[in-house]
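The next block holds one structure in the form of structure tokens; read it before the comments.
The values are calculated or read from the model by the stated rules, or taken from the named source; none is laboratory data. In this text, all values refer to a predicted model and were calculated from it rather than measured experimentally. Backbone-built Cβ (ideal geometry, glycine too); neighbour counts: all protein chains shown.
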Amino acid sequence: MSRNNNQRSKPHGDVGSESIGALPNPLDFISPTEYVELPSKGKGYPSGHPLHDQETIEIKFMTAKEEDILSSRALLKKGIAIERLIESVICNKNIVANELLVGDRNAILIATRTSAYGNIYSTKVTCPNCATVTPCDFDLNTAIIYDGKGLEEYNIQITTKGLFKVVLPITKFEVEFRLLRGQDEIDMIKKSQKLSKNKVSEENITDQFRKFVVSVNGYGERSVIDHVAPKLPAQDSMFLRGAYKKCSPDIKISNDFTCPSCGNEQELEVPFGADFFWPNR
């Protein structure tokens, strides 16, 4: 699991710190904190970043304040409730939630949800084959962490800027890329929703290339990357996707699901949205 309970710190936070007149609040208390294991181990953050080479991050336990964030219609409508939640629970305020790597962000969400409401996530899933809605429980303690090991398979190099370099097998282009962060994921979801609404076909693969590729043979201009992305030979494209996946730390919670109506079998993963905290809202 993502949490490291053996490293729990002294209580931290400002809950109940207001005074009644000149006297301390008689119900004053401080929220406890815990250290969450980062799937990235701090790789992928540039030198000087608060999380560079850090294996854990300290967060405080969720309170009614964070529940207010998750129930805010304005924040939910803007699609930023989860980012505000992460900002609120992170103890080091020099860390920007949107700049967290996606896997690290997910680890924080799982730990926050578990400490607040327990390790069982009960929700309902819809069978993609027959549309039958079925209750389903996920055990958050069964989360599997992938920490991005095995870079030698693609001869990947890591730079001091938290970037990754790889040479493509066909064109021999040297591609420098970065790992996607929370803001990238938000932007891609918004774009996907907009394209779907306008009934426009998506360019998933080339869109992702444009997001994570920083330079090709030293050329970092967006016009060059936009030109190269859709024209990469399929073998280079597959190689680059494999290299990116190999570098990408993440945390995964899934269940093997069999539809009781049609018998359709599939693996279901937990989605990390506001409903992850209150699925029955």
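Odds and ends about this structure:
- Applying the set (1) surrounded by 12 or more Cβ atoms within 10 Å (Cβ to Cβ); (2) over 25 Å from ASP139 (Cβ atoms) to ARG222 leaves exactly one unmet item: (1).
- Residues satisfying the stated conditions in segment 137-163, i.e. in a helix (DSSP H, G or I) and either under 30 Å from PHE277 (Cβ atoms) or under 18 Å from the mean Cα position of the chain (by Cα) (or both): LEU140, ASN141, THR142
- The residue list VAL166, VAL125, VAL175 contains one member that is outside the structural domain of LEU51 (by TED's automatic domain parsing), in a strand (DSSP E or B), in contact with a Phe, Trp or Tyr (Cβ under 7 Å, 6 or more places away or on another chain) and touching a residue at least 12 places away in the same chain (Cβ under 8 Å), which is VAL166.
- Counting the residues of segment 92-107 that are surrounded by fewer than 23 Cβ atoms within 10 Å (Cβ to Cβ) and either among the aliphatic types (A, V, I, L, M) or free of Cβ contacts under 8 Å to residues at least 40 places away in the same chain (or both) gives 5.
- Yes/no for GLY148 being closer than 28 Å to ASP187 by Cα, crowded, with 16+ Cβ neighbours inside 10 Å, touching a Cys at 6+ places or on another chain (Cβ under 9 Å) and of a type in the set (Gly, Ala, Ser): yes
- Among residues of segment 32-84, those that are farther than 27 Å from CYS247 by Cα, surrounded by 18 or more Cβ atoms within 10 Å (Cβ to Cβ) and touching a helix residue (DSSP H, G or I) at 6+ places or on another chain (Cβ under 8 Å), counted: 8
- Pairing each residue of segment 149-163 that is under 16 Å from ARG241 (Cα atoms) and assigned by TED's automatic domain parsing to the domain that holds VAL214 with any residue that is of a type in the set (D, E, K, R) and part of a loop (DSSP other than H, G, I, E, B), provided the two are 6+ apart or on different chains, yields C-beta distances under 9 Å for LEU163/ARG178.
- Looking across segment 194-241, the residues that are within 23 Å of LEU163 (Cβ to Cβ), at pLDDT below 85 and not charged (D, E, K, R) come down to ASN204, ILE205, THR206, GLN208.
- Test: residue in segment 95-104 that is of a type in the set (Gly, Ala, Ser) and at positive phi: no
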